[in-house]
Amino acid sequence: MGKLFKNFTKKDFFFIGICILLIIFQVGLELKIPNYMSAITRLVQTEGSSIGEITLQGVYMLLCALGSLISAVIVGYFASNLASNFSKTLRDKIFSKVLGFSTKEMKELETSSLITRTTNDITQVEMLISMGLQMIVKAPIMAVWAILKILNKGLEWSILTAVCVLVLLTTIGFLMVIVLPRFAKVQKLIDKVNGVTRENLTGIRVVRAFNAEKFQEGRFEKTNESLTNMQLFNQRCFSIMQPVMMLIMNGLTLGIYFIGAHLIEGAMMSEKITLFSNMVVFSSYGMQVISSFLMLAMIFMMWPRANISAKRINEVLTKEESIVDGTFEGNTKEIGTVEFKNVSFKYPDADEYLLRDISFKVNKGETIAFIGSTGSGKSTLINLVPRFYDATEGEILVDGVNVKEYKQEILHNKIGYVPQRAVMFTGSVTDNIRYGDNGREEVTQEQIKESIRVAQGTDFVEKMENTYDAHIARGGTNISGGQKQRLAIARAIARNPEIYIFDDSFSALDYKTDATLRKELKNYTKDATSMIVAQRIGTILNADTIVVLDNGHCVGIGTHKELLKNCEVYKEIALSQLSEEEINNA
């Protein structure tokens, strides 16, 4: 928890200091009230006392109560603002931190868990700060101050109060030992519920298509029941607190008056009024002592879960990123070149290499394509260029500079990336095409229209309501797969990058649209380098260089005609998709 508090600013600490001073002032006023009660008790039983004297003490009591109320409101306001701003800062930092994570960190922490940490965990910490700032400071001050005031009021009453406090602390300690270890499990179970829900919503079409609603309900029910049972156990344990508190508070009051009755009965007439006054004062102070420990008990109930949440938040904020940003942001001698030098790669949690000893170079204006069977490592290879992962062995050079030396922003501004699965964001068509920063001037409306034209999207975009300002739902759920793919290609074209990366980005297109798009794309991107991953031979026939992968090894490299003669793997792929006549005429 202490590491999180480093996120407080100087301004925050200033307001914390004001809150502490106001709380001390508030406690002082509250502890003055019993003194005025004692004075009123004496005045009522003293002959010759006037109504004015009694009323004056009552006015003092009201002023103390009013001052305490005003202080409490101000402290509550500052504490709420402080907690809200603190949680806002944490959310910003977690969001920014996650944006820098590579695929490796995302797999380790999991998306569902990151969502829980950004929402539920931060809420737990926020609640602790909002309530805790008032209670943690107020409770010990009030307890110590009240105890000092009652020490000389009666030994018997002091012993009774000490016994009640001891019982209270023992109950709190017992509950903490039982419940504390279970809070970590609660947060992990919330992660699971979040994960199952997210998976179900993402795959809702598949769930319905396979009539798997009952299966999904069963999965959710199992996870939800585990969380419910854990929460029920914790809440049942904490439910003991309330009756114990009421028993102690009422028992203390009853005990004070019971002891006081015996003391008054055996006292001399001249001492009876003093004893009665002390009993009234002690009863009030005793309640404040117990109230102080009651506030501490509430903090003890909130602290363990908030502490677990704080550790989970810190785990994200202190997570070391596997992709370390470089420092290079200068000019390069080469432009638009990509070179692999003896590159091998294996996933962090894998035992075997997925890619082995891959070497090739592509120059400005050239097109290089990658083809191979499913699982041969095509997408993995192409994803090493923008550093979604770093190569395990060997070097990857962009414009003659190792990608590890680049500032990631500079490297990414050189690349127009079209992923295997087209991703659309909530907003308009224009927003999705103009998405992101390419390090240059803002993309104009004319460039957006031209990009969509090249990507063969003009027909369907202009038929949509509001055309280029048409709404795109989250994930592009209101457009087809082929339309999403064409908009994703247009987004890359609008960046006007040095290097285009197409990760199987034409798979959802029909052959006619595919052929037309590639023809327009070749004319539009003739000065840029293109790297294409494809399953179709037809998509890569005219590439300057084709790299054939098989089980992570490069088994052939050359043009289409060269590979037909020299590479059996390529020839098998070609024959599985095209006839002999089509191959010969290509």
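So Gly482 clears everything in (1) under 19 Å from Asn432 (Cα atoms); (2) out of contact with any Leu (no Cβ under 8 Å at 6 or more places or on another chain) except one condition, right? Which one?
So the condition that Gly482 fails would be (2).
Out of all the residues in the stretch 365-387, which are under 19 Å from Tyr570 (Cα atoms), hydroxyl-bearing (Ser, Thr, Tyr) and assigned to a helix (DSSP H, G or I)?
Ser379
Take the residues in the stretch 402-429 that are over 27 Å from the mean Cα position of the chain (by Cα) and buried (at least 20 other Cβ atoms within 10 Å of the Cβ); name whichever of them is farthest from Glu339 (Cα to Cα).
In this case the residue turns out to be Val429.
For Leu180, are the conditions met, namely being at pLDDT 80 or above, of a type outside the set (S, T, N, Q), surrounded by 12 or more Cβ atoms within 10 Å (Cβ to Cβ) and assigned to a helix (DSSP H, G or I)?
no
So that you can scan it fast, the table gives a plain yes or no per residue for (1) within 26 Å of Met61 (Cβ to Cβ); (2) hydroxyl-bearing (Ser, Thr, Tyr); (3) buried (at least 16 other Cβ atoms within 10 Å of the Cβ); (4) at pLDDT 75 or above:
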site	(1), (2), (3), (4)
Asp191	no, no, yes, yes
Arg198	no, no, no, yes
Lys214	no, no, no, yes
Glu225	no, no, no, yes
Leu252	yes, no, yes, yes
Phe258	no, no, no, yes
Gly266	no, no, no, no
Phe300	no, no, yes, no
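Give the stretch 430-464 a look and list any residue that's on the phi > 0 side of the Ramachandran plot and surrounded by fewer than 21 Cβ atoms within 10 Å (Cβ to Cβ), or say none.
Result: Gly436, Gly439.
In the stretch 65-121, which residue that is in a helix (DSSP H, G or I), charged (D, E, K, R) and under 11 Å from the mean Cα position of the chain (by Cα) is farthest from Ile18 (Cα to Cα)?
So the residue we want is Lys97.
Condition (residue is at positive phi and at pLDDT below 85) applied to the stretch 102-120: is it met by at least one residue?
Checked the stretch 102-120: at least one residue is at positive phi and at pLDDT below 85.
If you take the residues in the stretch 378-421 that are of a type in the set (Ser, Thr, Tyr) and touching a helix residue (DSSP H, G or I) at 6+ places or on another chain (Cβ under 8 Å), which one is farthest from Ala490 (Cα to Cα)?
Per the stated criteria, the residue is Tyr389.
Yes or no: Ile122 of a type in the set (Val, Ile, Thr) and crowded, with 16+ Cβ neighbours inside 10 Å?
Yes, satisfied.
Scan (1) surrounded by 13 or more Cβ atoms within 10 Å (Cβ to Cβ); (2) more than 15 Å from Leu175 (Cβ to Cβ) for the single condition Cys237 breaks and write down its number.
So the condition that Cys237 fails would be (2).
Could you please give the count of residues in the stretch 342-364 that are assigned to a loop (DSSP other than H, G, I, E, B) and surrounded by 15 or more Cβ atoms within 10 Å (Cβ to Cβ)?
Final tally of qualifying residues: 6.
The values are calculated or read from the model by the stated rules, or taken from the named source; none is laboratory data. Because the structure is a prediction, the values reported are computed rather than measured. Because the Cβ atoms are built from the backbone with ideal geometry, glycine has one as well, and the counts that use them run over all protein chains shown.
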